Amino acid sequence: MNFCNRMIVTTLCLALFNLGSPRVAQAAMISTMQAVESNTRAQDLATVNAALSRAKVREQFVALGVDPAQVEARVASLTDSEIHMLSSQVDQVAAGSSVLAVIGVVFIVLMILEAVGVIDIFKKFP
Amino acid sequence: MIHACISRAVLLGIALALTACTASRQPVTAVAELDVPGVVELSDTPFFAQQDYQCGPAALATVLSSASVEVTPEDLAPMVYLPGRHGTLQAELLAAVRRHSRIPYVLLPSLDALFAEVAAGRPVLVLQKLGIGPFPAWHYAVVIGYDTTAELVLLRSGTDARLVMPVDHFLAGWNRADRWAMAVLNPGEVPAKADLNHYMKAAAGLEEVGQINSALLAYEAAVRHWPDAVLPRLGLANLAYQQGQLAAAELGYRDAIERGPGDVVARNNHAEVLLKLGCTREAADEIEVARVLADGGPFAGVVDSSADRIAAVALKDNVSVCPVVFEPAARVSLSR
């Protein structure tokens with residue numbers, strides 16, 4: 001969690017437990033990313049669950065075969081919003097892989113059409 | 001005979017329907033009318049032939065190399081490839097760019113933004129959906145050129161160092177990927193046809209993951225490019241606050257508020273810094289302005305509790321002396 005988010009969480013916790021002298025008030029700063037995302041209305045602004053989501057994504061990456069030595073660095077470079085999105089969708093979001101996969105699909109479709117006589121593009125072997 | 005004919009017709013109809021699914025449903029783009037140079041090819045762009053399912057690392061190596069990062073797909077695969085998905089996620093491409101201290105800018109989803117970026121000398125990484133239905137066949141490639149008269153797009157793609165696609169074929173695959181495209185910028189560079197929110201999201205993302213120097217350079221470039229906007233100055237002020245430079249932050253928030261008196265975040269954060277500097281009365285006044293502005297918006301909760309807290313402090317405080325001199329905000333450059 002970055003400094004600002006940690007400050008916000010700390011403030012909320014302190015408010016909850018009514019701790020700390022009023023003279024030593026903790027600041028509740030709103031981060032630049034929160035300002036940007038409120039402009040685009042794209043994300044909810046909950047930050048308290050970021051740590052939990054991050055742990056979940058870490059587990060999912062390990063389950064998907066990422067080298068455990070690499071997981072921390074990879075997760076640390078994702079923003080809270082990206083983590084939030086991935087923690088619920090890592091199996092569904094686009095994963096760019098290969099144009100070879102397309103060729104395979106098209107070939108299968110053509111084979112089926114050839115077999116039922118709709119097309120006749122494959123030369124018969126002598 | 002008729003039965004066989006009907007069954008063939010049905011199958012042909014299915015085949016045609018499948019083909020139609022791949023065609024673009026977006027409005028037709030009048031390519032020749034785009035406000036960009038007619039023919040561009042970034043022929044110096046390196047080529048990295050992809051291996052297996054690793055178009056992500058290959059495409060990423062291409063665009064990072066163009067931003068002066070010495071890197072190969074083999075270096076990048078451990079950072080972005082997900083074996084269990086046989087591919088690479090878009091978010092992890094952004095993350096890997098951040099790790100190299102560069103700006104991962106997601107373009108506006110339009111052909112002219114794409115072509116303008118290439119015309120500015122930066123190849124663009126694009127996501128394509130080349131398949132359909134249960135076989136989406138997501139693929140990453142890099143646009144290195146185009147021809148608006150011949151209506152062609154040039155790409156480095158997979159094992160093809162120079163793939164030439166008709167624009168409508170390119171659009172078919174790119175449209176179905178929601179026209180996602182990413183350029184890699186050196187901190188200090190601003191994209192062609194730059195969108196403020198897209199740019200600031202990229203810059204703030206750098207800050208969020210700890211690439212502070214790159215974020216600082218990015219915010220400074222944004223201030224130069226959008227001198228009347230609030231967000232870039234807010235970015236600088238927030239950074240100064242995080243670095244403990246309270247006086248510089250206070251000036252920065254005033255700078256931002258001058259350009260956006262109705263901005264909740266600038267007002268809120270300004271109030272917090274004023275409080276920290278011992279300007280209790282000024283902080284209380286400022287947070288009340290913020291409270292009114294925040295009403296009904298996404299920050300209402302945070303600002304309300306801040307306002308209550310600061311008001312309570314102000315009531316009890318009759319000793320603090322505010323060191324700030326409230327002249328018009330001077331231009332402040334932050335120490336690095």
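Any read-out appearing in this document is the output of simple, stated calculations on the displayed coordinates, not a laboratory observation. What you are looking at is a predicted structure, and each value in this text was computed from that prediction instead of being measured. For neighbour counting, all protein chains shown are included, and Cβ atoms are generated from backbone atoms with ideal geometry for every residue, glycine included.
Values as computed for the structure displayed
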{"item": "³J(HN,Hα) computed for each position of region B:278-284 - Karplus, 6.51 cos²θ - 1.76 cosθ + 1.60, integer Hz, glycine/proline x", "result": "x, 8, 5, 5, 4, 5, 5"}
{"item": "Other-chain or far-sequence residues with amide H under 5 Å of B:Leu152's (modelled H)", "result": "B:Asp147, B:Val167"}
{"item": "For region A:49-95, the fraction of alpha-carbon pairs in successive 5 Å shells from zero, as %", "result": "5, 25, 35, 26, 9, 0"}
{"item": "Viscosity 0.692 mPa s, 37 °C: Kirkwood-radius Stokes-Einstein D of chain B over Cα pairs, µm²/s", "result": "144 µm²/s"}
{"item": "Within chain B, helix-based [θ] at 222 nm, where runs of 4 or more DSSP H residues each add -39,500 (n - 2.57), nearest 500", "result": "-16000 deg cm²/dmol"}
{"item": "Length released on extending from B:Val319 to B:Ser305, taking residue separation times 0.36 nm less the Cα-Cα span", "result": "2.7 nm"}
{"item": "By average C-beta atoms within 10 angstrom, highest first, the peptides B:92-100, B:126-134, B:37-45, B:114-122", "result": "B:92-100, B:114-122, B:126-134, B:37-45"}
{"item": "With Cα atoms, 0 to 90° folded angle of helix B:55-66 axis to chain B main axis", "result": "60 degrees"}
{"item": "B:Thr159 long-range amide H proximity, modeled H, under 5 Å", "result": "B:Gln50"}
{"item": "Alpha carbon centroid spacing (whole Å) that separates region B:32-60 from region B:244-279", "result": "43 Å"}
{"item": "B:Gln51 versus A:Leu52: modelled label distance in nm, points set 7 Å from Cα along the beta carbon direction", "result": "4.0 nm"}
{"item": "Gyration tensor (alpha-carbon) shape descriptor, region B:227-316, a/c threshold 1.5", "result": "oblate"}
{"item": "Sequence-distant residues sharing a close amide H with B:Glu189 (under 5 Å, placed H)", "result": "none"}
{"item": "Simple label model, 7 Å out from Cα along Cβ direction - B:Asp168 to B:Ser101, nm", "result": "4.8 nm"}
{"item": "Whether region B:251-292 is rounded, prolate or oblate, judged on the alpha carbon gyration tensor where a/c under 1.5 counts as rounded", "result": "oblate"}
{"item": "Extent along principal axes [Cα atoms of region B:25-185; Å; largest to smallest]", "result": "42, 38, 25"}
